[in-house]
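> Questions regarding the structure given below will be posed in turn.
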Amino acid sequence: MTLALYMDTHVPHAITQGLRQRGVDVLTAQEDGTDRLDDPELLRRATELNRVVFSFDEDFAKVTAQWQRSGQDFAGVITLRQWDIPSGQCLDELELIAKVHGPDDIRGRLEYLPLSLT
């Protein structure tokens, strides 16, 4: 089973469309009508749908850390380790994560892009 992604509000449309063209299951906060929710509520909604959140918002890492410390279940979060990652690399790495990992592989985890800093 492949990973389904939930795109936060500020993820560029080109990344979402590129992933869809590559066969990745993607739902945006805008499409789900949740683009005005705060980060914890958005993470809760994505978890209800068993989708991993992808966000450019560095606050998502803070929310994720709080949830991990408290033992609160969530589907997973992917965010950026460095903010100048090329969009093509971001697209490639998200596709790889989505196609290699299943929902249980990333559940309760925070993953960073780029996958490697070398």
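Each value in this text was obtained by applying a stated rule to the coordinates, not by laboratory testing. Bear in mind that the values here come from a model prediction, so they are computed numbers and not experimental data. Note: ideal-geometry Cβ built from the backbone for every residue, glycine included; neighbour counts use all protein chains shown.
> If you wrap a convex hull around the C-alpha atoms of the chain and split its volume per residue, what is the figure in Å³?
Once divided by residue count, the hull of the chain is 98 Å³.
> Give me a comma-separated list of calculated 3J(HN,Hα) values for the range 13-29, in order, Karplus coefficients 6.51, -1.76, 1.60 applied at θ = phi - 60°, integers in Hz, x for any Gly or Pro.
Listing the rounded values in order: 4, 4, 5, 4, 5, x, 5, 4, 5, 8, x, 8, 6, 10, 10, 9, 4 Hz.
> Read phi for every residue in the range 46-56 and hand back ³J(HN,Hα) as whole Hz from Karplus 6.51 cos²θ - 1.76 cosθ + 1.60, θ = phi - 60°, with x for Gly and Pro.
Result, ordered by residue: 4, 5, 4, 8, 6, 10, 8, 7, 10, 9, 8 Hz.
> Which of Asp38, Asp8 comes first, and how do the rest follow, when ranked by fewest Cβ neighbours within 10 Å?
Asp38, Asp8
> Residue-wise, which Karplus ³J(HN,Hα) couplings in Hz belong to the range 73-79, taking 6.51 cos²θ - 1.76 cosθ + 1.60, θ = phi - 60°, and x for glycine or proline?
6, 8, 6, x, 9, 10, 9
> Another question, then. According to the square roots a ≥ b ≥ c of the eigenvalues of the Cα gyration tensor, what is the shape class of the range 11-78, taking rounded for a/c under 1.5, prolate for a/b larger than b/c otherwise, and oblate for the remainder? Write out the running numbers ahead of the final one.
Numbers: a/c = 1.86, a/b = 1.80, b/c = 1.03.
Prolate is the answer for the range 11-78, as a/c is 1.5 or above and a/b outweighs b/c.
> Continuing with the same structure: Under a 5 Å amide H to amide H cut-off, with H placed in plane at 1.01 Å, what residues pair with Gly108 once short-range neighbours are removed?
When sequence neighbours closer than 5 places are left aside, the close amide H contacts are Phe74, Ala75, Gly76.
> Relative to the Cα centre, what is the charge dipole magnitude of the range 5-113, using +1 at the beta carbon of each Lys and Arg, -1 at the beta carbon of each Asp and Glu, and rounding to the nearest 20 debye?
200 debye
> Quick one: which residues, 5+ away or cross-chain, put their amide H under 5 Å from the amide H of Phe54? H built at 1.01 Å from N.
For Phe54, whose amide H was placed from the backbone, the distant partners under 5 Å are Tyr6, Met7, Asp8, Ile78.
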